[in-house]
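To keep things clear, I will list the structure first and then write my remarks on it.
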Amino acid sequence: MQLGMIGLGKMGSNMAVRLLQKGHKVVVYDRAADALKPSVKEGAVAAKGIEELVKKLDTPRTIWIMLPAGKITDDTVNQVAELCQAGDTIIDGGNSKYTDDIRRAGELAKKKIEYMDVGTSGGIWGLVRGYALMIGGEPKNFKRLEPLFKSLAPEGRKGNLGYPGEKDIPDGYGLMGPAGAGHFVKMVHNGIEYAMMQAYAEGFDIIKAAGKEIFKKDMDLLMISKSWRNGSVVASWLLDLSANALEADPSGEFKGIKPFVTESGEGKWTVEVALQLGIPCSCIAESVLTRFVSQGKSAYGLRFLNALRNQFGGHEIVKE
């Protein structure tokens, strides 16, 4: 199939390359000329702008936008829509908020342009491993474009639990529901990811502290992470990546790495929806709040607590 890809960052570029390697035709555009090189090397056709990209595509066109959530994606969707015609499809594969997808789908439906949102997970490893795709849109359009999704996603594999009659694991993509559902599911996926990462971080923090305080000997964090990777109920790809990080720094000190963790939005949005629906999500909420603490967003409140403790109990004020 043929596809236009706008936005060739870490994921967009690798996605274009993976599609080319699977035999699809890809026309690419990015404002940064150097970003075009990896996909052009694999056979992509480069466009000098969005208008040229649209012109180079056969109808019905499929244009995948892989840009940061917010105004830049909105502006690009609108620009592409002005150049498209009835029957064309615009896909947003970034991390847009699901409410933006519902709005865009409604606006584009008036022009009879199809809109799909694709929550994409796989990061920098997706070129080799494939991307888990959580897709929102119309079933008929999903079926038409399924060869693209199938090529991007990991292939199905054998189950790894080892019990008789275990079912195989299917390809890593699927239609989650109408427009907005793909990014909604990806939003919750990222909220779960926050909580899992937080659990690993807290667990290794406890083990490291116990080595110093209880056993009077540093624990081998790398060995521990490796022993958990096979057969353990806490085994996961995130644990594999944890082992990779410890392989690079077996001491587990991570000196030079600032205790600052960014929050890109999906975790916070997940908590907001949970509150709206009245669904408890204490693990996810706590992991999001911890990221805010790491960013210094609680600095004043902590100073306030320090001062208040001194007022009622005469506790010493800890100075910076």
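The values are calculated or read from the model by the stated rules, or taken from the named source; none is laboratory data. Bear in mind the structure is a predicted one, so any value in this text is a computation, not a measurement. Note that we place each Cβ from the backbone using ideal geometry, even for glycine, and neighbour counts take in every protein chain shown. Please note that ligands, DNA and RNA were not included when accessible areas were found on the heavy atoms of the full protein model with its side chains. Shrake-Rupley method; radii C 1.70, N 1.55, O 1.52, S 1.80 Å.
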Considering segment 34-49 alone, what residues qualify as being of a type in the set (Gly, Ala, Ser) and part of a loop (DSSP other than H, G, I, E, B)? Gly43, Ala44, Ala47, Gly49
Do we have Pro154 as crowded, with 17+ Cβ neighbours inside 10 Å and within 30 Å of Val234 (Cβ to Cβ) here? yes
Mind checking which residues of segment 131-147 are over 14 Å from Asp117 (Cα atoms) and more than 16 Å from the chain's Cα centre (by Cα)? Lys140, Lys143, Arg144, Pro147
Subset of segment 171-188 that is part of a loop (DSSP other than H, G, I, E, B) and either open to solvent by 70 Å² or more (accessible area, probe 1.4 Å) or in contact with a helix residue (DSSP H, G or I) (Cβ under 7 Å, 6 or more places away or on another chain) (or both) - its residue that is modelled with the lowest pLDDT: Asp171
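Looking at segment 153-170, which of the residues that are among the basic types (Lys, Arg) and in a loop (DSSP other than H, G, I, E, B) is farthest from the chain's Cα centre (by Cα)?
Going through the qualifying residues, I end up with Lys167.
The rows are residues; the columns are (1) farther than 16 Å from Leu246 by Cα; (2) crowded, with 18+ Cβ neighbours inside 10 Å; (3) among the aliphatic types (A, V, I, L, M).
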{"position": "Asn190", "(1), (2), (3)": "yes, yes, no"}
{"position": "Ala201", "(1), (2), (3)": "no, no, yes"}
{"position": "Ile214", "(1), (2), (3)": "yes, no, yes"}
{"position": "Met223", "(1), (2), (3)": "no, no, yes"}
Name every residue in segment 255-302 that is within 19 Å of the chain's Cα centre (by Cα) and open to solvent by less than 40 Å² (accessible area, probe 1.4 Å), in order of residue number. Glu263, Gly265, Glu266, Gly267, Thr270, Val271, Val273, Ile284, Ala285, Ser287, Val288, Arg291
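Yes/no per residue for (1) small (Gly, Ala, Ser); (2) within 25 Å of Lys97 (Cβ to Cβ):
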{"residue": "His189", "(1), (2)": "no, yes"}
{"residue": "Glu202", "(1), (2)": "no, no"}
{"residue": "Ala235", "(1), (2)": "yes, no"}
{"residue": "Leu241", "(1), (2)": "no, no"}
{"residue": "Ser251", "(1), (2)": "yes, no"}
{"residue": "Glu263", "(1), (2)": "no, yes"}
{"residue": "Thr270", "(1), (2)": "no, yes"}
{"residue": "Ile284", "(1), (2)": "no, yes"}
Among (1) aliphatic (A, V, I, L, M); (2) modelled with pLDDT of 95 or more; (3) open to solvent by 60 Å² or more (accessible area, probe 1.4 Å), there is one condition Ala81 misses while meeting the rest; what is its number? (3)
Hits in segment 139-170 - residues which are touching a helix residue (DSSP H, G or I) at 6+ places or on another chain (Cβ under 9 Å) and in contact (Cβ under 8 Å) with a residue 40 or more places away in the chain: Leu148, Ser151, Leu152
